[in-house]
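Here is the structure we will look at, set down as structure tokens.
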Amino acid sequence: MVKNILTIPQNEQALRQKSQEITNFDKSVESLITDLTDTIEAQVDPIGLGLSAPQIGIFKRVFVARIRNRLKSFVNPKITKFGSNETSFLEGCFSVPDLYGHVIRPAEIDLESCDMHGKKAASHYNGVPARIIQHELDHLDGVLFIDHVHDQNGKVFKVEKDKRGKEQFVEVPLP
Ligand SMILES: [Zn+2]
């Protein structure tokens, strides 16, 4: 089912909660993943690269992420190792509407996570998938990308249309 996505500033308190691990791999996990999948698939402009359970008001450690054009679900994800190289990438978030900012993060990660049945697997990610996973995992700890922009003394931008209707980035204060 397509759910409402929580956004700041209205839902700031909820989005700042730390989510709980899944301990019971029952039907509710599958149904949560279905809701996350339906909700992200309903986002078309822009399309969603990832969506975490707390963003739809369920404070469990679950998210879906678009990895090489396929939606994959992650349950109880844990980063076991960060690579030493860092990259900067322009991030946005459905919970932080219309704002974008460059965030510096490790370029590679090793990740352990479970599937919806509780089966554990370990994988290595780099590039955009590593970026999406780190962004989504942050949501499970109540962290938003604008927190990193703030810590890194970065800037946030809003997309605005000029007189000719051409989109451009305009710097705005951090929310
Ligand atoms: Zn996000």
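The values are calculated or read from the model by the stated rules, or taken from the named source; none is laboratory data. The model shown is predicted, which means the values in this text are computed figures rather than measured ones. Note that each Cβ is placed from the backbone with ideal geometry, even for glycine, and that neighbours are counted across all protein chains shown. Side chains are part of the model used for accessible areas, which takes the heavy atoms of the whole protein and leaves out ligands, DNA and RNA. Shrake-Rupley method; radii C 1.70, N 1.55, O 1.52, S 1.80 Å.
Structure data summary
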quantity: In order through region 42-47: 3J(HN,Hα) via Karplus (6.51 cos²θ - 1.76 cosθ + 1.60), integer Hz, x for Gly, Pro; calculated: 7, 8, 10, 9, x, 6
quantity: Among His139, Tyr125, Val96 the positive-end extreme of the charge dipole of region 84-175 (Cβ point charges); calculated: Val96
quantity: Between 0 and 90°, nearest 10: helix 127-140 axis offset from the chain longest Cα axis; calculated: 80 degrees
quantity: Theoretical gain in end-to-end length, Val172 to Arg68 [0.36 nm per residue, Cα-Cα removed]; calculated: 34.3 nm
quantity: Accessible-area composition of the chain, carbon plus sulfur, in percent [1.4 Å probe]; calculated: 49 percent
quantity: Between helix 27-41 and the chain: long-axis angle, C-alpha atoms, 0 to 90°, nearest 10; calculated: 20 degrees
quantity: Under Karplus coefficients 6.51, -1.76 and 1.60, residue-wise ³J(HN,Hα) of region 81-91 in Hz, glycine/proline x; calculated: 7, 9, x, 7, 7, 10, 9, 10, 8, 7, 9
quantity: Convex hull of Cα atoms in the chain, direction-averaged projection (nm²); calculated: 10.5 nm²
quantity: Spatially proximal lysines relative to Lys166 (Cα-Cα < 20 Å; intrachain offsets below 8 disregarded); calculated: Lys158
quantity: Lysines with Cα under 23 Å of Lys3, excluding same-chain neighbours fewer than 8 positions away; calculated: Lys18, Lys27, Lys60, Lys72
quantity: Probe 1.4 Å - accessible area at Asp45, Å² to nearest ten; calculated: 140 Å²
